[in-house]
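Working notes, beginning with the structure itself.
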Amino acid sequence: MNAVELRARVHGLMSSARDDLAELIALRSVAGPDDHTTAECVRAADWVAETLRGAGFPQVRLLTVPDAGPTVYAERPGGGPDAPTVLLYAHYDVHPALDEDVWKTPPFELTEVDGRWHGRGAADCKGNLLMHLTALRALGEPLPVNVKVLVEGSAERASGSLAHSLGEYAPLLAADVFVIGDAGNLAVGVPAITVSLRGQVALSVTVQTLETAREAGPYAGPAPDALAALLQMLASFRDPAGNTNVLGLDNMTSWGGAIYAPARLREDAAVLDGVGLLGNGAVADSLWARPAITVLDIDYPVRGEHAMIQPWARARLDLRVPPHVDEAKAAQALVGHLNSVAPWGAHVRMERESTVPPFLARAGGPAYAALAAAMRDVYGEEPAQLGRGGTNPLCVGLAESFPDAEILLIGVEEPLARRHEPDESVDPAEIADMALVEALFLRRCGRVSPMAGEDPGGGGPGR
Ligand SMILES: [Zn+2]
């Protein structure tokens, strides 16, 4: 089967892809702790397991993780004794629909609007699961490599994530290449590979200046106001240009990959007219290559009409950590910064809530080259290199467990997909094109061992 025939097969499979996606979106497998969503997650896991059996994977297992729906695991050998193993990842749990009244279409019903398929999970990540399934169905028998499929039910939950159970399942999941289908292109029709994910330090800081609240009338002036102290400390985190400034953390690094146009960020982030973007580097620099701090919440004890001086005030902070920066050092720098800027001898107490390391893919490996070549075949251009602001503990865990493996993030979640927001949608052309990319990529991987470091470009499909 040549590349033209493979493309025709993918297109012939798109109506079943649509039917499958409609069934899957109708399963409300929302990540959450209550019994109803757990039952829907179990139904979604059963659906995925059954569909994988139908796609030629007789061995399907359900892996249990604490407090969330099971992870579906399947494998099928292919490509002969020396063939590499490629693991394809997606997740079936979805972000909550949030306010259903805000949606233009019913969130759990696949609805076509202007050629896009709308519904919660249409892109993240049920659309990516359909990308994997369509690629595997198009390749048929025999597969060019050993394929493992992993479809998680706990990706959208920080607590129950499969990442925490990796130690238990690592021997089962071992692979030469991990294709994490939970990302997307630069734009529809513009290919991209996501190569880095930011880490995160979450911390709360409490500042105390008085034993108890005091009235402003008799005491304002000399009495130290804890809320004012906290605001002064928080203000120290930005320079006049809006760059995040944490003492001891470099904030001048540049991003070497794709450009993120300021106009597009304004639209994606819903920035109001006349309000400026922060930082004096390019958007991609401050988004993917530099530390960034956000004040999540401020709390203080006295509310209401009385004019009182606050005795204490607390802020919750979120520090995004770029690749190349150690998250533990970043946390130390944040603590040191807060201690050094606290005014008036105020008492400062800090509590670390969570820490997630950043992730940096190995972009020079043979699997990366094979994927880039498949993208050139399908889209006619070199893929851009993207970063991602969000964390992904699973990628970090896989990189730690399998240091020699290549981990590649791709998928159908381009910016118009509005993942995690109301009106999520997917462009079916992206499912078709990315399924073709994946099928061609698997065939290229079958021609060379990704571990051997040969050039996978020669004799590839479409040449
Ligand atoms: Zn996702």
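Structure above, values below:
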| read-out | value |
| --- | --- |
| Count of residues meeting criterion [crowded, with 24+ Cβ neighbours inside 10 Å and of a type in the set (A, V, I, L, M)] in segment 379-397 | 1 |
| Condition check for Leu398: within 16 Å of the ligand (Cβ to nearest atom), part of a helix (DSSP H, G or I) and of a type in the set (A, V, I, L, M) | yes |
| All positions within segment 109-119 that are touching a His at 6+ places or on another chain (Cβ under 9 Å) and either within 12 Å of the ligand (Cβ to nearest atom) or without any contact (Cβ under 8 Å) to a residue 12 or more places away in the chain (or both) | Thr111, Glu112 |
| Selection from segment 120-148 of residues that are in contact with a helix residue (DSSP H, G or I) (Cβ under 9 Å, 6 or more places away or on another chain) and within 16 Å of the ligand (Cβ to nearest atom) | Arg120, Gly121, Ala122, Ala123, Asp124, Lys126, Gly127, Asn128, Leu129, Leu130, Met131, His132 |
| Strands (runs of 3 or more DSSP E) within segment 1-102 that include 2 or more residues among the aromatic types (Phe, Trp, Tyr) and either under 26 Å from the mean Cα position of the chain (by Cα) or in the same structural domain as Ala123 (by TED's automatic domain parsing) (or both) | none |
| Enumeration of residues in segment 329-353 that are closer than 28 Å to Ile193 by Cβ and either surrounded by 14 or more Cβ atoms within 10 Å (Cβ to Cβ) or assigned by TED's automatic domain parsing to the domain that holds Glu400 (or both) | Ala330 |
| Odd one out for Asp114, checked against (1) surrounded by fewer than 19 Cβ atoms within 10 Å (Cβ to Cβ); (2) within 28 Å of Leu440 (Cβ to Cβ); (3) of a type in the set (Asp, Glu) | (2) |
| Selection from segment 287-316 of residues that are aliphatic (A, V, I, L, M) and within 20 Å of the chain's Cα centre (by Cα) | Leu287, Ala289, Ala292, Ile293, Leu296 |
| Subset of segment 312-328 [crowded, with 18+ Cβ neighbours inside 10 Å and not charged (D, E, K, R)] | Trp312, Ala313, Ala315, Leu317, Leu319, Val321, Pro322, Pro323, Val325 |
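To keep it simple, each residue is scored yes or no on (1) within 16 Å of Leu87 (Cα to Cα); (2) more than 16 Å from the ligand (Cβ to nearest atom); (3) under 13 Å from the mean Cα position of the chain (by Cα); (4) surrounded by 22 or more Cβ atoms within 10 Å (Cβ to Cβ).
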| residue | (1), (2), (3), (4) |
| --- | --- |
| Glu156 | no, no, yes, yes |
| His164 | no, yes, no, no |
| Leu172 | yes, yes, no, no |
| Gly189 | no, yes, no, no |
| Ser196 | no, yes, yes, yes |
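The values are calculated or read from the model by the stated rules, or taken from the named source; none is laboratory data. Treat the numbers as computed from the prediction; the structure is a model and nothing was measured. Glycine also receives a Cβ, built like all others from the backbone with ideal geometry; neighbour counts cover every protein chain displayed.
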